[in-house]
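Note sheet for the following structure.
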Amino acid sequence: MNYKLNTSKDVPKGTLLTALARLVPLMAGERRSVVVAAVAILLNSGVTLAAPALIAYIVDHFLLTHNYAGVMQFSLVLVGLYLVGLVAAYVQTLTMGRTGRRVLFALRNSLFTKLQELPIAFFYQNKAGDLISRINNDTDRLNQFFAQALMQFIGNVALIAGSGVFLLVLNWRLGVATLIPAACALIITQLISPWVQRKNLTNMQSQGGMSAEVQESLEHFKVVVAFNRADYFRTRFDEVNQKNYRSATVAGVANNIFTPIYGLSYNVAQVVVLVYGLSLVHAGVMTIGLLVAFLLYANSFYNPLRQLASVWASLQQALAGLDRISEVLSMRSDMQVLDAASWSESHSASGAAQSDVPVPVISFKDVVFGYVAGNEVLHHVSFDLLPGKTYAFVGPTGGGKTTTASLMARLYDAAAGAIYLRGEDIRSLSPSERADKIGFILQEPFLFSGTVGENISYGNTRYAHASAADLAQVLAERGLEGLLERFPDGLGTVVATSGDAMSLGQKQIIAFLRAVLREPELLILDEATANIDTVTEQVLEDILQKLPATTTKVIIAHRLNTISAADDIFFVNAGSITRAGSLEHAVDLLLHNKRQS
Amino acid sequence: MRGGLFSVLRPYRGMVALLVLLTVASNALNLAVPTLIAKAIDAYSAGRFVADSVLLEFSLVAIAVFVFVYLQSIVQTYCSERVARDLRREVAEKISVEEYAYIDQVTPAKLLTNLTSDIDAVKNFIAQAIPSIVSSAFLIIGASTLLLILDWRLALTVLAVLPVIAVTFFLVLRRVRPLFRKTQETIDWLNRIINESILAAALVRLVNSQQYEYEKFLEANTQAKQIGFRIIQLFAGLLPIITFCTNVATLSIVLLGGRFVIDGSMSLGSFTAFNTYLAILIFPILIIGFMSNVIAQASASWGRVAEVLSREEMQDVGTTVADLSGAVEVSGVSLRLGEKQVLNNVSFSLVPGTRNAIVGPTAAGKTQLLYLVAGLRAPSVGSITYDGRAIGTYDKESLHSQVSIVFQDSSVFNLSLRENIAFSASASDDSLQKAIDTAELGDFVASLPEGLDTVVSERGTSLSGGQKQRIMLARALAQNPRVLLLDDFTARVDTATEHKILANVERTYPGITLLSVTQKIASVEHYDQIIVLMEGEVVAQGTHEELLATSPEYVQIYQSQQSTNAYELQA
C-alpha cells in the first residue's frame, strides 16, 4: 500500500472565487455564526459607505447654504450611524474571529484523528522530520490566516462589492471605466497566482527539508563529533540553507508583486475618473459634485482591494498548507476491520474450532508479506503457537523475525494468506480486542515526556488514571517494584522529551513493565532486553515465569541465554520459518547456515 | 556579547538605507497624489484644463510609485532573506564546532527552534517591521504637518484623537502580549504531542491508545482555542473603538470645520482635504501598534539566537598531533550531569594492544564513561590521559581519527552506504573494504543491486537492527583506529556473527586497543582486563579468573548467564 505523501510541485489553479469556495466546506456547521457575521459585515460596510455620502450631502445642502442648524441635525444622524458601525464592527470581529478559531480547532482535530487512524506503514514511508514539519508549519499557516487575515479578507470583500455597486449606480459608463483597471489587475492575478503558489510550495518544501536536515544532523551530533565531521554538518546545512534562501527570496518577490500591481491599478483608475469624468462633466452629462463622490468611492473600492492583495499571499500560503493537510486527510487506511461474518463462512474449514486440539493463540496460514510490492520478505510462512507455551524466534539479523512479530500484532496485513488470533481472522478483531490480547515490547522503546509512572501505565485501560501510589502498589503486588530502583525518583522520575536522558536499558525496563502490566494473552518480546544487564534480565526472566500459565510468550533474540526456557524454537532465515526442535538444533542452524540477509 | 535587535542590521547598513529611502520615496509620491487631483479639478474650474499634461504628470507619478514600491519589496525580501541565511549559517557554524556535551545539554530541539522559527522572527522584523514603521512614521508626520498648515485650530482638534487611540492601543496590547506568549507555549505543547504520537506510532497502534492520544491532543487544542478566543475578545473591542475615534475626528471636522466654513474662516477645499488626510493619518497608527508586537517577538527570538552566537569559543583547545600507542589512563574521574552523580572516582588503565571490557548493570554509567574516554565529554573531576598526555591537549581531529567509537544506538545518515561507512575523512578505499569485510557486511553489500552506492534512509525499514549495528562498526573501523570503543555493540548482532566479527577485528587490526561495554561475560571472558562498574563506581577489575575469585558482584552477573554458557562456548 502506498502512503507516500506527494512532494511534487503540482498546484491546483487558484482564483479568488475557487479559493473562497475551498474555504466554504470548512465552515459547514458554522451557518448561524456566518449569518450573524454576514449581517454585521453588511451593516458595517453600509455605514462605511454611507458616511461619505452623508458628509457630501451636508456640504452640498448646509455648508454651501450657511445652515449650521442643519449641520448639527445631520451630525446627530452621523453619530447614530457611527454607533451602529461600532456595534456592527464589534459583532463582526468577534463572530468571525471565533468562527475562524473553531474551524481551525476542528481541522486540527480531524488531522490528528486521521494520523491516529493511519497504519504504521504511513509513518515509515514518510520521513518523521518532514511529517512533523508538515503538520506543525502547515497548521500554523492556517492558524495565522484564520486568526488574522480572514477577518480583513471578508470585511474587505464586502466593502469592495458595496463600492462597486455604488460606482455602477452613480454613472454606469464612468463606473465601468473606473472598474476596468481592477479587472486588469484581477486577470493578471489569475495569470500569475499559479506561479506564485508554486513558488510558495517549493519554499515550504525547502523549509521542511531544512528542518529535517537540522533534526537529523543534531540527533546524530555525537557521530559528527566523534568522526571529525563538523564539515559534514556545515556543508549539508549550507546546502539546504542556500536552497531555502533562494526559494524564499523567489517566493517573497513573487508574493510581493501584488501590492504594486493593485497600487498601480488604483492610480490608473484615478486618472480615468479624472480625465474621462471631466470630459463627461464638460459634456454636461454629470456634475462636478458627482465626480468628487466618484473619487471617494473609487478610493473605498481600491483601498480594500489593495489590502486584499497583501492578505492574498497569506491566503495563498494558507491554501498551500491546506493542500498538504488535505493530502494527509485524504489518505485511507487499508487496514479496516473485517466483518466477522464474511470471513467465517469462507474460512470455516480452517479447523480452528475442532474438538480436542487446543485453539492456537496465533496461527499463520501460508502468509506472504513484503514492505514494498515486488520485494517479498516472508515467503509462504505457516505455523501455530499454542496457549501457555514459550516460543523463541531466532535467526540471523535481517531474516524476518521482527516482520513476523509485527504481523502477529497486525502492524501490517499479510499480502496473501491469513493470520488467526485464537481462531479468528486477526483482521476481524477490533483494535481494542486485539490490543487487549497482545502485548508487544518493541525493539526500539519509546518514552513520552512525563514521568516513568505515566509511561508504565501508558495506554493501559485499567491503570491509566491510577495515582502514583496506586500504581506503586500494583507493581509491588506483582513483585515488579524492584525494577524501579534503576530510576532515581522511582515512578516519579521525570522523562524529558522523547526520553533522551534515559539509557536504552532503562527505556527497555519501562517498555517491559508497560507490556507486562497489561496482562496480555500473547506477549511478544522483540530483542526486548538486548541492552539490559544480565542481573536485571534475570529479574525480568523471573517475572516472565510468574505470568499466568495461560500467557503465550514469543521471544525474539540473538542471545541464546534468553531462549533457554523456550518450549519450542523457530529458526527464521531469509523469509522462511522452520521449526528447530531443540536448542542444539537451533544453535547448529545459527552457526552453520549461511546468512542470506 | 551581542547588541540588541538592531545590531543585526549593522553589516547590511547600505541595503537598509536603500530600503528606507525607497519606502520614503514611494510614500512621499503617494501623499502628492491628492494634490495632483486637486490641481486638476482647480484647473478645470478655472477653465485651464489640459488633459494631456494631467495624463502625463499622473502617469509619471503612477509609474514611479509602482517602480518604487516593487523595488522596495524586492529589497526588503532580498535583505531579510540574506540576513536570515547569514544568521543561520553563523549559528550552524557555531554549533558545528561545539562539543557534544553542549548540544546534549541545550537539546537539539531548542537548536532547531533557534535555526528556524527564531531566525524567521528576526527575518519578519526586517521584512515587515522596518518598512512599515518607516512609512507609517513618514505618513503620520507628513499628514500632520499638512493638516497644521491647512488650519492649525482644526488640526489640533483632530490630532487630539491620536493620543486616545495610542493609549487604547497600548492598554490592549499590554494585555494581549502575555496571551501571545501563552499561545506560543500552547503551540509548543501541541507540537510536542503531535511529534510524540508520530515517533511512537507503532506503540500507539499496539496498545490501541489512539483515543488517549486524541484526548491529550484535545486538551492542548482546546486551550489553544480558548486563548484564541480571549485574544479575539480583546481585538474585537480594540478595532471598533479605534474606528469610532476616527469617526469622532471626522465628526469634529464636520461640526467645527463646518462652523469655520460657514463663518468664512476656512475654504471648502481645505475642508475636503482635512477629510482626505485624516484617512491617511489613522492607518499608520494601527500599523505601528501591530509592528510593536512583531518587534517584541523578534527581540525575544534574537535574544535566544544571540545567546547561542555569543557563547565563548572553547578555551585552550588542544594542539598536540601525535600517533597514539593506545595507552589510556583514567584516574579519579567523576562526572555530574545536572543533579545526578553519574560517575564517581573511576580509575583504570588500558595497556596498548590489549582487550578490555566494562560490565555492569543498566544505568551504571558505562556509556557515559565511554564518552569520556572518547573525548566527547569532559569529566567534572579527574583526568584522562593518552600516552601520558591529558586528553584535552590533543588536537580534536588527531584524537578522534585514532579513537573510534561505536555507539549503542545506530545513526544512519541519508547518504549512500559508502558515504555512511567512510564517514570519517581519514577513511580510504582500502580501509573501507577492510572495514566492510571485518564487519561481515560483504554479503549484504553484494546482495544490494547498487552495492555500496545504495542510499540508506533515516528510519528505513530496509536495514535490520543488526545490519545497522554492523554498519556502525564498519564506520568506526574505516578510519583505521588505534583505540576502538564499543558500546554494547553485540546487543543486536547474533552470536555467530558476533564471534566472527570480534575474531576478524583481532586478525585484521592487530595491535588495536579495545574497550568494550557489554552485557555478555562469555564474549569477554578471555579479555586481558574486565572492569565491573556499578552505580558509577568501579567495584572490581582484573581478569575473568581473578574476578571470579574476588568479586561477588561479578560472580552474580556471571552466574545469571551461566545456564547457556555451554552453547556460547561451542562457537
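The mean number of partner chain beta-carbon atoms within 10 angstrom of a residue's beta-carbon across peptide A:133-142 is 3. Can you pick out the pairs among A:199/B:94; B:500/B:520; A:199/B:225 whose Cα atoms lie more than 27 Å from each other? Cα-Cα > 27 Å for A:199/B:94; A:199/B:225; rest within. In chain B, the DSSP-assigned H stretches of four residues or longer account for a calculated mean residue ellipticity at 222 nm of -20500 deg cm²/dmol, using -39500 (n - 2.57) per stretch and the full residue count as denominator. Here the relative contact order of the range B:328-570, from alpha carbon pairs under 8 Å that lie six or more residues apart, stands at 27 percent. Each of A:218, A:442, A:303 was scored by the projection of its Cα onto the charge dipole of chain A, and the greatest displacement toward the positive side belongs to A:303; charges sit on the C-beta of Lys, Arg, Asp and Glu. Based on every Cα atom in the protein assembly as shown, Rg and the maximum pairwise Cα distance Dmax equal 36.7, 120 Å. Stretching the chain fully between residue B:162 and residue B:184 yields a gain of 4.8 nm (0.36 nm per residue, less the alpha carbon separation). The alpha-carbon positions of the range B:84-309 define a convex hull whose volume is 144 Å³ per residue. Plainly put, the range B:253-336 has a radius of gyration that is 1.67 times its Kirkwood radius, both from alpha-carbon atoms, as the Rg/Rh ratio. Kindly list the residues of the range A:419-439 that lie in the label zone of residue A:519, defined by a backbone N under 19 Å from the point 7 Å along the Cα-to-C-beta vector. Residues passing the 19 Å test: A:432-439. Between the beta carbons of residue A:282 and residue B:52, assuming R0 = 22 Å, the FRET efficiency works out to 0.90 to the nearest 0.05.
Long hydrophobic helices in chain A, taken as whole DSSP H segments with a C-alpha length of 27 Å or more on their own axis and mean Kyte-Doolittle hydropathy at least 1.6: A:150-170. If you wrap the Cα atoms of chain A in a convex hull and average its projected area over all directions, you get 38.5 nm².
With the convex hull of its Cα atoms as the shape, the range A:414-478 has an orientation-averaged projected area of 6.5 nm². Think of the range A:16-329 as having a plus end and a minus end, set by charges on the Cβ of Lys, Arg, Asp and Glu; of A:104, A:66, A:315, A:104 sits farthest toward the positive end of this dipole. Each label was represented as a point 7 Å from its Cα along the Cα-to-Cβ direction; for residue B:340 and residue A:191 these points are 6.5 nm apart. Stokes-Einstein at 10 °C, 1.306 mPa s, Kirkwood radius from Cα pairs: D for chain B in µm² s⁻¹? D, rounded to a whole number, is 52 µm²/s.
Placing a label point 7 Å from the Cα of residue B:175 along the Cα-to-Cβ direction, the residues of the range B:226-246 with a backbone N closer than 14 Å are B:229-242. Multiplying the residue separation of residue A:36 and residue A:567 by 0.36 nm and removing their Cα-Cα distance gives an extension gain of 184.0 nm. What number, rounded to the nearest 500 deg cm²/dmol, is the helix-based mean residue ellipticity at 222 nm of chain A, given -39500 (n - 2.57) per DSSP H run of at least four residues and division by all its residues? Estimated from H runs of four or more residues: -20000 deg cm²/dmol. Where does the Debye-calculated log10 I(q)/I(0) of the range B:328-570 sit at q = 0.13, 0.16, 0.18 Å⁻¹, using only Cα point scatterers of equal weight, no solvent? Normalising to I(0) and taking log10 leaves -0.82, -1.21, -1.43.
On the beta carbon distance between residue A:489 and residue B:381, with R0 = 35 Å, the FRET formula returns roughly 0.90. Modelled label positions at residue A:386 and residue B:43, each set 7 Å beyond Cα in the direction of Cβ, lie 10.7 nm from each other.
In the range A:100-150, inverting the average of 1/r over every pair of distinct C-alpha atoms gives 11.9 Å as the Kirkwood radius.
Derived from the Cα gyration tensor, the three semi-axes of the equivalent ellipsoid of the range B:468-514 are 17, 12, 9 Å, largest first.
Taking Cα centre as origin and charging only the Cβ of basic (Lys, Arg, +1) and acidic (Asp, Glu, -1) residues, the dipole magnitude of the protein assembly as shown rounds to 4900 debye. Toward the positive end of the charge dipole of chain B, with +1 on the Cβ of Lys and Arg and -1 on the Cβ of Asp and Glu, the farthest Cα among B:245, B:473, B:344 is that of B:245. Among complete DSSP H helices in chain B, those whose alpha-carbon atoms stretch at least 20 Å along the helix's long axis and whose mean Kyte-Doolittle hydropathy reaches -1.0 are B:13-45, B:51-96, B:130-150, B:161-199, B:210-252, B:268-309.
With a Förster radius of 30 Å applied to the C-beta separation of residue A:585 and residue B:559, the computed FRET efficiency comes to 0.70. Shielding value for A:461-468 is 1, the average number of Cβ atoms from other chains within 10 Å of each residue's Cβ. Approximating the spin labels as points 7 Å out from Cα along Cα→Cβ, the residue A:2-to-residue A:470 distance works out to 4.9 nm.
Our estimate of slack between residue A:290 and residue A:339, defined as 0.36 nm per intervening residue step minus the Cα-Cα distance, is 10.3 nm.
Coordinate-derived values only; no laboratory data. As the structure is a prediction and not an experimental result, all values here were calculated from the model. Note: ideal-geometry Cβ built from the backbone for every residue, glycine included; neighbour counts use all protein chains shown.
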